[in-house]
Every structure is written in C-alpha cells, then in structure tokens.
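Take a look at the structure below.
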Amino acid sequence: MADIPDRRRFLSICTTALIAGMSGLILTPVVAFVIGPLRRKAGNAAAESDFADAGVIESIPKGTWTLRPIEIVRQDGWVKTSQSRSVWVFVKSAESNGIKVLSPICPHLGCPVPWDAAASQFRCPCHGGVFGPDGARISGPPPRGLDPLEYEVRGKNLWVRWQDFEIGVAQRIVVQV
Amino acid sequence: MGARVTTTNAIAGGGSLKSDVMIQNANQLEKSGPAPAAGFFGSRTGWRELKEHVLLEPVLGGSRWAAAFGSLLLFNFILQVITGILLVTCYAPSVGTAWQSVKYIQTEAPLGWLVRGIHHWGSSTMVVLLLLHMTQVFIWGAYKRPRELTWMTGVLLLAATLGLAFTGYLLPWDERAYWASKVGIGIVSTIPLIGEKLRLLLQGGPDMGNLTLTRFFALHGFVLPGAIIGLVVVHLYLFRLHGVTTAWWRSKEDLLKDRQPFWPNQIFKDAIVALALLLILVGWTYSHPAPLGAMADPSKAYQARPEWYFMFLFRLLRFFHGPYEVLGTFVLPSLFFCILFFWPFLDRGTALDPRRRPKAMTIFGISVLSLVGLTIYAIATDVRMIEPAAAVASAPPRKAPAAPLQKLDVANLYTANCMACHAVDGTGNALRVAFPTIPNFTDPIWQKTRTDKDFILRIQDGKPPLMPAFKDKLSAEQIQALADYTRAFAVKQPAAH
C-alpha cells in the first residue's frame, strides 16, 4: 500500500523520460533540416563560370566610373538561373590600361552604392557611407572601402569575377558560394 | 461527497486502479449531471458554463472605450489571418513567380487589390495599435504585480509582430522588398559570433533567392502566426485570470457598484471600434492601393528604405561608424528589448497613479519622445538623392513571347523598356526634375488629348531627343499591348474592378 505513491512517482518519471526522448527524436531531424544551409559544403566557387562578360572595353566611357550589367549563373535552390548583377568599371584611357572594377554592394549593410560624378565620390544612399574615386572609405558607417573585383581582359572584352563579401566587418571575407 | 469518501476508502483499502477510475467517473456524473434545461448541445458541450465564464463575467468598473485596444488588436490580427489566407491562394513564393503572382493579385484577381491592401495597411495599423496598447498599459501600471507575465507575453507578441512585418516585406519581391530585406539580413549578420550563420539560415544559402523566399514565407505564414496564436491564448488567459486593471482614480466601492458583464456591454464597444478600424482600412486602401514596385533586379541601383516603423532604426544606424556599427544594429536594440521585457521586475513599486511614479513616467516619456522624434526626423530628413546620371548599358533585348500576350507579359515589357523613365506607376515623377516634358500617364486630361494611334506612333518612332523608338526592338503586337497598358494608368486601380 505504501508503495503506490512510489510506483506512481516511478511511472511519472518514466513517462516524462519517454516523452522527452520522443521529443528529442522528433526535434533532431527538425533542427538538422532547418540548419541545412549551414552544413552545405561550399562549392568550388573559383571556377571559370564566375567570370562574366562586362562588355567591349572600347564601348566603356573612359576616365569615369560606369555601372556595367553582368549575368552570372547561380544555383538558386532547385534551379540553376542566370542572375543579373552590376559592377562599377573604370577605364582610364583608350589603351585599355588602368582598369578598376568595384562591387557596388556597400560593405556596411549591403545597399547598392551609386557614383556621384559631381562630388567625385561614391555615396551610399542608405546610411551615408562615402568612398573615394578609388573605392577607399572616406567617411560614414562602412567598416572598409568598396570591394575590388578580379577582372581579365579577354580579346576586346572585359570579364569580371563576381563575388560577395561579408558585410559589416573590416576584413574582406569572400562569401563561399 | 459520499463518492469522494468511497474513493479514499478504495485506495486505503487497496482497491484496484480499475475500480478507482469507475468511482471517479461516477463522482463526475453525480457532480455535473445535465441540468434539466441544458438542451442537446448544452448537455454535451457545456457551452452554457463556458459562456457564463468567458462572456458574462462582470467587468469591474463597467465597460470602457479605453479597454477596447486589446480586442481591437485581436480583431486586426484576425483580419490579417483572413486576408493572409486569401493571399496565399494566389501567391507563389519563388524568384520567378513571387512578383508576378502579387501583380496578378493586385491587378487581376477579383477584389485582389482590396485583400492585399487590407493586409498591407493592416500591418501598419497593427504596429500602431500595439504601441498604443502598450502605452496605455504602461500609464495604467497594468504590468505590475501580479500581471508581470501578461506584460512579458505582450512584449513577445510585439516581437513576433515586428518579425511578421519584416518577413512579409520581402514576399512581393519588388525592388524595395529586395533591398530592404538585404539590409535587414545585413543587420542580422552583424550580430557578434553567430551573425554570419544566422544570415545563412535566414537566406537559406549564400545569396538571396528562391530559398530566402520560401523560408520567409514559412516564417511569415506558419511559424510566426502560430507563435502569435499561442501567445495570444496565454496572454488572454492571464488577462482573464487577473481581470482588467482598474483605473487608479476610482475607489473600490465605486468600481464594485459599476460592474457590467463583458457580454454585451464591453463587446459592444469593442465591436464599434473594430468596425471603425475596418472602415478606415477599406477607405484608406481604396484611396491608397498597396504599393508594388518594379520586380527586384539586383543589378539596378535602388535606394533601400524600410517600412516607416523601422525608419528610426534605419536613421540610428547612420550614427555608428566602423567597429561601433554593432552598437546600433544589435546592442542598443536588444538592450531596449530586454529592458522592455523585464520592465515589471525593474519597476516594482505598487503605485498605479502615474503622478506617484515619477521615475517610470520620466523614462517612459523620454523613450516615447525619442522614438517618435527619431521616426519623424528620419522620415522628414530622408531626401532620396537623385540618381547620378551613370549610363547603365542596357541588357540584351528579350525575345518576344510566342504565346498571346498576357497582362503580365506587358507588365514585364513595361518594366524592361519604359519604367526607367516613366516610373512604375506611370507618373514619370522621378525624372521630372531633369526632364520636365515627361508626361504623366495617370493624368486624365493628358490621356484625353491623345488618341490610341498617337500612343502607338510615339512608341514606334519615339520622340527625339529623349523618347527612343521601339519599332526595331518590339513587335507590333507588343507595342499595341504597351499602348493599352499605358492607357490603363489613367484608371484608378481599385475603380477598375
């Protein structure tokens, strides 16, 4: 008779443990599914496909910054799509030397940054970051200058390698695709 | 009573569990046997007792208009749920379909403009009502013992609502949705240590795309509404447990004298206020259709702006430079949220009268003033800089679709060829400063002075120096469709249905 409360307590401990175990059993794959994007192995991003045609160099205005559209191919979930991006290109002279290419993504929080020709500066319209004509940070919240992008001259065309960089940090860290 | 004694005896006497259960059942039967007048459903569901408990409970001090905020919020939330479910029936969350399906809802689905408009503007009223509700609770001292947990679930409801606002903003996948969410996700990524991982989790990958839309959709349509429903149940349970916080200026005798049942006295007032909100929302939606910008294009420059209720935070971020950025993006907002959440334990005085709580009221006043002030200041001083005239080389022209032109294809044509100058709404406002001759398609007088033939010729041959000719770029069918599309700007969207 005295053992009934004990037995009931034992049973309630067992039931609690059973339910806890069951919850764990359900939650483990739930969590694993949700954090899937973290466990995905970074692909070999350095591949050739990351370089995109930014147009004939001759057609790019000289001595000023020009926004050039490029098309990159990305695996976007269940489809491989062609996506548009744009890059800031500076070609010094017709001899196609002195080329500079910058990502338009502000390293502060990711807004697209326009070139203010009158002030000869890049000025972010979101939080007021200001960058010099070489992309270096002048003032405002951004922790670093605009990110330079690799490029190659192939024949008459300029090819640019699109990359995303982690924002909000002083170091330039490539986001692995 | 006798049955209970028997139960005890049964256990003491070592009776089996089986008989124990049987006696328990008999006990229940005896205690709550069906009342003679309960009727078919009454005896099976006990709804009379429920009604008695939930609806007829007397409210101390009688019904009040000021007590309607909570019910009004619940009503607003239910409106959001109903319109949300309707939107889901037409919405397809993927990069290739999200904008198109929202455009379809807005322009073609019967009453789509109304459903989407109420959902869109309803999110703003939800935030406003939440802040008013919290203001009232604060002034009344309604967070004080024993109502601390009611307040805390309320703060969690605020967080979930702001989460809904943030995740819902992305779903139309127009330009402002894309860039505002990119900045929002950027803010998340500045959280120390786990920020970058959180960004990946939210985005579902290294870049914003299909998986970002499906994840935000899951959060917006399932996770956060589910959390809100759960929290509302707890919030309401706690509210009913402790009752309405009585006004500090009324005596106990006065309050007891004035008791009125919740139904119908308070609910009548709640319903009137709810009707007012509904009428305001419908009226506002009729005169201000929910905005839908051009489809998101990561290659186009855009001045990202959040919804107005996040503008104070947006503005705040300008003040924190370089390594101090995290102060504005993470430390201050989470500190503010923590103080708000634990406020009932920080302010433990028992006085309800605001005049006897000078410290709390000062902190409250400063917070409200700075929040409202910063919001007004941020919106008032936000002069979107005019786009510098950087030549954007145009992408190769799209091939003409083989199938008969659908409305959506025309919208895409307009977006690709006309929108840069004439703006998504056809007003041409953005460029009028630079090019004063740009027409306003929404102006009925301008429309009346042009024939259909004029439209087609103008699109075909252009008008130097600014308007380019499209006869080499577009088919005759496409030009005709664009002419019709341009005509339609003069018709106000809601009135079109």
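With helices as the sole contributors, chain A gives -7000 deg cm²/dmol at 222 nm; each DSSP H run of n ≥ 4 counts as -39500 (n - 2.57), and the sum is divided by every residue. Seen from every direction in turn and averaged, the convex hull around the alpha carbons of chain A projects onto 15.7 nm².
Here chain B is treated as an ellipsoid with the same Cα gyration tensor; its semi-axes, largest first and in whole Å, are 54, 29, 24. Sites listed here are trypsin sites (Lys or Arg not before Pro) in the range B:136-202 whose DSSP assignment is loop and whose Cβ has at most 16 other Cβ atoms within 10 Å, and the list is empty. Residues B:Thr375, B:Thr362, B:Thr190, B:Thr150, arranged from fewest to most other Cβ atoms within 10 angstrom of their Cβ, appear as B:Thr362, B:Thr375, B:Thr150, B:Thr190. In the calculated pair distance distribution of the range B:407-496, what percentage of Cα-Cα distances lie above 23 Å? That tail contains 15 percent of the Cα-Cα pairs. Between the listed residues B:Thr125, B:Gly96, B:Leu219, the Cα displaced farthest toward the positive end of the dipole of chain B, a dipole computed from Cβ unit charges relative to the Cα centre, is found at B:Thr125. The ratio of the alpha-carbon radius of gyration of the range B:257-353 to the globular-protein estimate 2.2 N^0.38 Å is 1.79. Shielding by partners for peptide A:60-72, expressed as the average number of C-beta atoms from other protein chains within 10 Å of each residue's C-beta, is 3.
The mean count of C-beta atoms from other chains within 10 Å of the C-beta of residues in A:125-132, rounded to a whole number, is 5. Backbone amide hydrogens, once placed in the peptide plane, bring A:Gln83 within less than 5 Å of A:Ile72, A:Val73, A:Arg74, excluding anything fewer than 5 places away on its chain. For the range B:364-375, 3J(HN,Hα) computed residue by residue from phi via the Karplus equation (6.51, -1.76, 1.60; θ = phi - 60°) reads 4, x, 5, 4, 4, 4, 6, 5, 5, x, 5, 5 Hz, glycine and proline entered as x.
Just the number: Rg to Rh for the protein assembly as shown, Cα atoms, Kirkwood Rh, two decimals. Here Rg/Rh amounts to 1.05. For helix A:3-34, what angle does its Cα long axis make with the longest principal axis of chain A, in degrees from 0 to 90 and rounded to 10? Taking Cα atoms only, the helix is inclined about 20 degrees. The residues A:Ile70, B:Ile379, B:Ile78, when put in order of fewest to most other Cβ atoms within 10 Å, stand as B:Ile78, B:Ile379, A:Ile70. Only lysine pairs 8 or more places apart or on separate chains count here, and in the range B:407-496 those with Cα atoms under 18 Å apart total 6. For the range B:152-158, the Karplus equation 6.51 cos²θ - 1.76 cosθ + 1.60, evaluated at θ = phi - 60°, returns couplings of 5, 5, x, 5, 5, 5, 4 Hz by residue, with Gly and Pro reported as x.
Sorting the segments B:96-104, B:324-332 by their residues' average number of neighbouring beta-carbon atoms within 10 angstrom, most packed first, yields B:96-104, B:324-332. Protection proxy ranking of B:215-226, A:157-168, B:438-449, A:3-14, by the mean of other Cβ atoms within 10 Å over each peptide's residues and highest first, is A:157-168, B:215-226, B:438-449, A:3-14. Expressed as a whole number of Å, what is the distance separating the alpha-carbon centroids of the range B:244-259 and the range B:167-243? Computed from Cα coordinates, the inter-centre distance equals 42 Å. Taking B:Lys197 as the anchor, which aspartates and glutamates have their alpha carbon closer than 20 Å to its alpha carbon, excluding any fewer than eight residues away along the same chain? Answer for B:Lys197, where 20 Å is the Cα cut-off: A:Asp76, A:Asp164, A:Glu166, B:Asp207, B:Glu325, listed by chain and number.
Every read-out reported here was derived from the displayed coordinates using simple, explicitly stated rules and does not represent laboratory data. Keep in mind that what you see is a predicted model, and the values were worked out from it rather than measured. Positions of Cβ are generated from backbone atoms using ideal geometry, with glycine treated the same way; all protein chains shown enter the neighbour counts.
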